[in-house]
1. So which pairs qualify, if the first residue must be in segment 42-71 and free of Cβ contacts under 8 Å to residues at least 24 places away in the same chain, the second must be outside any helix (DSSP H, G or I), the Cβ gap must be under 8 Å, and the two must be at least 6 apart or on different chains?
2. Here is a list: VAL115, VAL107. Which entry is without any contact (Cβ under 8 Å) to a residue 60 or more places away in the chain, surrounded by 19 or more Cβ atoms within 10 Å (Cβ to Cβ) and of a type in the set (Val, Ile, Thr)?
3. Can you say whether ARG190 is open to solvent by 20 Å² or more (accessible area, probe 1.4 Å) and outside any helix (DSSP H, G or I), as far as the supplied structure shows?
4. Within segment 168-185, can you find the residues that are surrounded by 24 or more Cβ atoms within 10 Å (Cβ to Cβ) and either aromatic (Phe, Trp, Tyr) or in a helix (DSSP H, G or I) (or both)?
5. Take the conditions part of a helix (DSSP H, G or I), open to solvent by 70 Å² or more (accessible area, probe 1.4 Å) and not hydroxyl-bearing (Ser, Thr, Tyr) and apply them to ARG131. Does it pass?
6. Among SER79, SER64, which is the only one that is open to solvent by 10 Å² or more (accessible area, probe 1.4 Å) and of a type in the set (Ser, Thr, Tyr)?
7. Could you figure out which of (1) in contact with a Pro (Cβ under 8 Å, 6 or more places away or on another chain); (2) open to solvent by less than 40 Å² (accessible area, probe 1.4 Å); (3) aliphatic (A, V, I, L, M) isn't true of LEU147?
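The values are calculated or read from the model by the stated rules, or taken from the named source; none is laboratory data. These figures come from a predicted structure and were not determined experimentally. Cβ sites come from the backbone with ideal geometry, for glycine too, and all protein chains shown count toward neighbours. Accessible surface areas use protein heavy atoms only, side chains included; no ligands, DNA or RNA. Shrake-Rupley method; radii C 1.70, N 1.55, O 1.52, S 1.80 Å.
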Amino acid sequence: MKQKTLGLIHTSATLVPVFAQLCQAHLPGVNTFNIADDSLIKDVIACGELTTKTARRVADHIASAESAGADFILVTCSSIGAAVEAAAPLTGVPVLRVDQPMADKAVQTGKKIGVIATLPTTLAPTADLIRRRAAVAGAQIELTSRLCEGAFDALMSGDAAKHDAMVSSALKALSAQVDVIVLAQASMARVVDTLAEADRRVPILASPPLAIEYLAVTLG
């Protein structure tokens, strides 16, 4: 039986080892390859939104992954999710935006859902996806969004400690108001591991492990 191949498309090369480790643990019989283009997220941040031009380039990368032999394609950036959904029907293999399994899990977990991000360009698409997945599931939800302003800039300037402290503080505050918290960016997941047990009042969901676990079931 031919081994299946998963193509991963990233907007940051830093996510390649993160997903490589997850794939090794959960998809041992699946071949993988990566396409990384950080100019995509830089364009989104510079424009303050996902533009038509950038969305077209996302579609081009998805088409390239299909041409390279992918049986399934995973796009690991939430900020370009709308482009992923637009390209999926035009692609001959299944295409998944990384945060869909996380959004579905959040809707199944509780009515009051908190979304936290360090970039507004990621916060809005993630919140929109959760609302739409709740509608599909026929679930009534209350959404609370929190933006950690300045945290992303701190991380990009090399001050990871400041970034982590800001995200940690926001997580603690938000956990008192909701049933479950969704991390809109994979870069925040490491902060969860630093929280004391008393500060983890509710489940905190990150997209990378949930997406790969979903693929483990889907790809068999």
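1. What qualifies is ASP43/THR51; ARG57/ASP37.
2. After applying the criteria, what remains is VAL107.
3. Values: open to solvent by 20 Å² or more (accessible area, probe 1.4 Å): yes; outside any helix (DSSP H, G or I): no.
Criteria not met by ARG190.
4. LEU171
5. Working: part of a helix (DSSP H, G or I): yes; open to solvent by 70 Å² or more (accessible area, probe 1.4 Å): yes; not hydroxyl-bearing (Ser, Thr, Tyr): yes.
In short, yes.
6. SER64
7. (2)
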